[in-house]
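Here the structure is laid out as structure tokens; the discussion comes afterwards.
The values are calculated or read from the model by the stated rules, or taken from the named source; none is laboratory data. Only a predicted model underlies this, so the values are computations on that prediction, with no experimental measurement involved. Glycine gets a Cβ as well: all are built from the backbone with ideal geometry, and neighbour counts include every protein chain shown. Just the protein is used for accessible areas: all its heavy atoms, side chains included, with ligands, DNA and RNA removed. Shrake-Rupley method; radii C 1.70, N 1.55, O 1.52, S 1.80 Å.
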Amino acid sequence: MEQVFDFFRRLGDTSDWPPRWYCGTWSDFHGWLYIVSDLTIWLAYMAIPLILLRFLFVKKGVPLHRVFWLFGSFILLCGLTHLIDAAMFYIPAYRINAVIRFLTGMVSIGTVVALIWHFKEAVGLRTSQEFEHELMFRQQAMQELSRSNRELQQFAYVASHDLQSPLKTIENYLSLIDVKYGTDMDENARKLIGVSTAAAGRMRVLINDLLNFSRVGSTVEFVPVDLNTLIQEIQADMYDDIQSSGARIQADYLPTLNGHPTDLKQLFQNLISNGIKYRRKNIPPILSLQVKEQTDYYLFSVSDNGIGIEKQYYDRIFEIFQRLHNRSEYYGTGIGLATCKKIIDIYGGKIWLESTVGEGTTFYFIMPKVIKTVHHYAQTYSLHSVN
Ligand code: ADP
């Protein structure tokens, strides 16, 4: 132990040894070959960590960057051992030399351990060629997906659009039969006509909802939409429901979003109309629309004091045609929340809810301040066509 204390106390002391030139017999050529070679190795070893450092600064997000740092330190210390070896020809700093070698040894072992530790991870890293292949594959899949999506959208649109006309005929003829022969028919026949008319009405709502659902995301031209005006419009459209239920709607001052007016209207209208529809008996609905501004997005919330939703259904209700009540309790098609989710997904946001059964529900959703759909990304980064 005494030797250790003595060693560090006299760390910079060079009086115990002669400079290396005077140890043994060096010819000038031999000595200078040694010195120049050591200095060359030191310079190269200094340059390597500097290049690595620059690489880490230029190329942000390099994987395994700690291994780079460790490897850089290892090379730097190796360089120092060569520098001190050259210096020893004039300054016999054997103790400092030993310390540098010790540090180099430790860092070398650390580097070996890190390399073995991260070997599998490093092997798993993709080369730029592999990335290129994956990108091509993804682009191909994306184009395939958007093609089949377009087809599906078109199919839903055409089917629901074309269904409207025969339905209109059925509705018209039913009302004609009722007007023309209503008085001649018995109670049972009139009931049958009534049930058929109601069913045709429900089908019309369903077709319209499906049409709206299939239209979401079909327009990519965005315009500034003042959400305060939009909410006023929705309230005007829902005037009858609001009056008959005695609903009160309180809204924060809302921002203007760059989006598609119909999408945004559907989103808010579905949430507001659900808040009114799923009210508790004899309790007038109170709805509150709030917004919190964050750095990159707005956090909206639509709360009601209605019947609430059990936790086990929090995900299910966003799926198309999923309803928690039958028609006799609350009328609906089960498309409203699926439409909201589709809009928010396309706009790059997120929707979720919190609810207490018998007290009310709050739907939250995030909307990025700069809304970018996949079409916008494709335009911005001009993804090349894959054939
Ligand atoms: P619809 O209202 O046409 O049935 P939605 O997709 O809008 O379809 O809603 C799906 C289901 O989620 C509804 O059937 C209802 O059970 C439930 N739900 C939606 N909003 C609310 C709400 N604010 N309060 C309670 N239940 C709700």
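What is the set of long-range amide H partners of G259 at a cut-off below 5 Å, with H atoms built 1.01 Å from backbone N?
Result for G259 returns V223, V225.
Nearest 0.05, what FRET efficiency do L145 and F119 give at R0 = 51 Å with Cβ-Cβ as r? Kindly include the intermediate steps, with their values, before the conclusion.
Details: r = 36 Å, r/R0 = 0.71.
With R0 = 51 Å, the Cβ-Cβ based efficiency is 0.90.
Per DSSP H run of n ≥ 4, the term is -39500 (n - 2.57); total these for the chain, divide by its residue number, and report the mean residue ellipticity at 222 nm rounded to 500 deg cm²/dmol.
Result for the chain, helices only: -20000 deg cm²/dmol.
Residues with beta-carbon under 15 Å from that of F321, excluding F321: net charge, scoring Lys, Arg +1 and Asp, Glu -1? Provide the component values of the computation, followed by the final result.
Working: positive: R202, R316, R323, R327, K341, K342; negative: D209, D315, E319.
Taking every Cβ under 15 Å from that of F321, the sum is +3.
Evaluate the distance, in nm, between pseudo-label points positioned 7 Å from the Cα of K60 and of T127 along their respective Cα→Cβ axes.
Label-label distance for K60 and T127, simple model: 2.8 nm.
K168: accessible area at probe 1.4 Å, nearest 10 Å²?
Its accessible surface works out to 120 Å², give or take rounding.
Hey, what's the chain come to in accessible area per residue, 1.4 Å probe, Å²?
Values: 24870 Å² over 387 residues.
Here the per-residue accessible area is 64 Å².
For N228 and D296, what is the calculated FRET efficiency with R₀ set at 22 Å and r taken between the beta-carbons, to the nearest 0.05? It would help to have the intermediate numbers written out before the result.
Details: r = 22 Å, r/R0 = 0.99.
Plugging the Cβ-Cβ distance into 1/(1 + (r/R0)^6) gives 0.50.
Find out how many positive minus negative residues lie around D241, taking Lys and Arg as positive, Asp and Glu as negative, among other residues whose Cβ is under 14 Å from that of D241. Each step should come with its number before you reach the end.
Details: positive: R248, K277, R279; negative: D237, D240, D304.
Net charge in that neighbourhood comes out at 0.
Just going by the charge dipole of region 223-370, with Lys and Arg at +1 and Asp and Glu at -1 on Cβ, which of I335, S303, Q243 is farthest out on the positive end?
Going by the charge dipole, the pick is I335.
Hey, got the dipole for the chain? About the Cα centre, +1 on K and R Cβ, -1 on D and E Cβ, debye to the nearest 20?
Charge dipole of the chain: 180 debye, to the nearest 20.
Could you compute the FRET efficiency for W26 and M46, with r as their C-beta to C-beta distance and R0 at 25 Å, rounded to 0.05? Show your work: numbers first, answer last.
Numbers: r = 26 Å, r/R0 = 1.03.
So the FRET efficiency works out to roughly 0.45.
Of all the accessible heavy-atom surface of the chain, with the other protein chains kept in place and a 1.4 Å probe, what percent is carbon and sulfur?
Using a 1.4 Å probe with all protein chains present, the chain comes out at 60 percent carbon and sulfur.
How much accessible area does H325 have with a 1.4 Å probe, in Å² rounded to the nearest 10?
Its heavy atoms expose roughly 50 Å² to the probe.
Just to confirm my numbers, what's the Cα centroid distance between region 124-183 and region 325-339 in Å?
21 Å
Accessible surface of R10 in the full protein assembly, 1.4 angstrom probe, to the nearest 10 Å²?
70 Å²
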